[in-house]
Amino acid sequence: MLRRAGKGEVADGFYQIRSDCTHKVPETKFKIKVGKTLSVRKWHAAFTREGRLDIASVLNRIQKGGVHPTIRGEVWEFLLGCFDPGSTFDEREQIREKRSLNIVTDDLCRIQYAIWKQECKDMDSHVGSGKIITAPIITEDGKPIKDPLVLLEATSDQHTMQGSSSSSRNENEVDKSENCVVDKQIIEWKLLLHQIGLDVLRTDRSMVFYENKENLSKLWDILAVYAWIDKEIGYCQETLGGGDYLFAFRMFMVLFRRELSFGDSLYLWEMMWALEYDPDIFSTYEHIDAATGVTPGHRQKVKSIHQFGKYERDNMKNRATSDNDGPVPISVFLVASVLKENSAKLLQEARGIDDVIRILNDVNGNLDAKKACAVALKLHRKYLKKIQGKKP
């Protein structure tokens, strides 16, 4: 059930939480505040009669107090480049109609996914079965292990009757009735499946949506298929490495989702998008669009630097780049802000990477999104001054 939030009221009621998990869920710090949060009224007032959006005023509001949950879908369409803020109501309607009529493309995508999914199912029957792998199904040298789903059920019963030792003996029992897998790529893919399953089961367990096993199994299928078709990226988790920066890996991968409540995660993301906003993002994504007349490589003339997000404006003023890779993303400075906030404890207690990970894991659900953004911007300004000082 959705409910309206008043002045200074948290927005937890906009997101369905499982009733049996309410005591475990981090409290949302984001509050809907009159005069700061982008409200429905201010959002509608930001459009001209023709429908052109005053993006500068919208960005300013979002950077100060986030977006009201009831209009997030509409606002995010602009923040993420689905629509050009300079477009009219009629032009956006034409774009929507074009996208909704693009049935052929949608069908082709579904067909292609079905083909990839069947290819994966031929290699492992659990794909598309509605089940999730949570234990290894193959050894590193390609020898199949007994069906982990059956194995886990069996070991659960044995654990009750005989103690934990019997289950640990059976966990890696090789299934001699199956042929060994020879293809190294298939072996590598199958070795990932149980890790994907474990991560899927950890996905927002407090949310009602993920209480449904069917939704979880669909997510597992998608990640398993993607890990197979895009082998260069695959399933990035502990394969990307990261060395001494392993503690920050999760923050980058899921954009601080574990460090925040669900509501605060959305708040942080929209602040990040607003801070890094580039008004040319739409024309970057859209190549040829008959409805708007956008052509390849076309960049609209920007009237004011205020149409860019605050973080992006600072980069433009200082022409800040990291070698040839473009500006450093704000997420890097957000990680730095987490380290700064916990610097005293890290300096006192950390004796190695394991201690760093343990200390930062204590941040789970306790990060203050607004404060983290404020500290990140300060660190970014210090960074800009430092690189400006190094320029000849």
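The values are calculated or read from the model by the stated rules, or taken from the named source; none is laboratory data. These numbers come from a predicted model, not from an experiment. A quick note on method: Cβ atoms are made from the backbone with ideal geometry, for glycine too, and the neighbour counts reach across all protein chains shown. SASA here: full protein model, heavy atoms, side chains in, ligands and nucleic acids out. Shrake-Rupley method; radii C 1.70, N 1.55, O 1.52, S 1.80 Å.
Name the residues in segment 325-348 that are over 21 Å from the mean Cα position of the chain (by Cα), among the hydrophobic types (A, V, I, L, M, F, W, C) and buried (at least 16 other Cβ atoms within 10 Å of the Cβ), would you? L346 - this is the single residue of segment 325-348 that is over 21 Å from the mean Cα position of the chain (by Cα), among the hydrophobic types (A, V, I, L, M, F, W, C) and buried (at least 16 other Cβ atoms within 10 Å of the Cβ). Give the residues of segment 51-86 that are touching a Ser or Thr at 6+ places or on another chain (Cβ under 6 Å) and either hydroxyl-bearing (S, T, Y) or more than 19 Å from S283 (Cβ to Cβ) (or both), sorted by residue number. Result: G65, G66, H68.
Evaluate segment 25-38: report whether one residue or more is of a type in the set (D, E) and at pLDDT 95 or above. No, segment 25-38 contains no residue that is of a type in the set (D, E) and at pLDDT 95 or above. Of all residues in segment 41-76, count the ones that are under 20 Å from the mean Cα position of the chain (by Cα) and open to solvent by 60 Å² or more (accessible area, probe 1.4 Å). The qualifying residues number 1. The residue pairs whose first member lies in segment 83-100 and is in contact (Cβ under 8 Å) with a residue 60 or more places away in the chain, whose second member is open to solvent by 100 Å² or more (accessible area, probe 1.4 Å), and whose beta carbons are closer than 6 Å, counting only pairs six or more residues apart or on different chains, are G86/R52. Just a yes or no: is a residue in segment 213-222 basic (K, R), modelled with pLDDT of 85 or more and more than 30 Å from N342 (Cα to Cα)? Yes, there is a match, as at least one residue in segment 213-222 is basic (K, R), modelled with pLDDT of 85 or more and more than 30 Å from N342 (Cα to Cα).
Quick check on segment 235-247: of everything there that is within 16 Å of the chain's Cα centre (by Cα) and surrounded by 14 or more Cβ atoms within 10 Å (Cβ to Cβ), which residue is modelled with the highest pLDDT? It comes out as Y235. Taken over segment 353-368, residues that are within 19 Å of R205 (Cα to Cα) and outside any loop (DSSP other than H, G, I, E, B) amount to 1.
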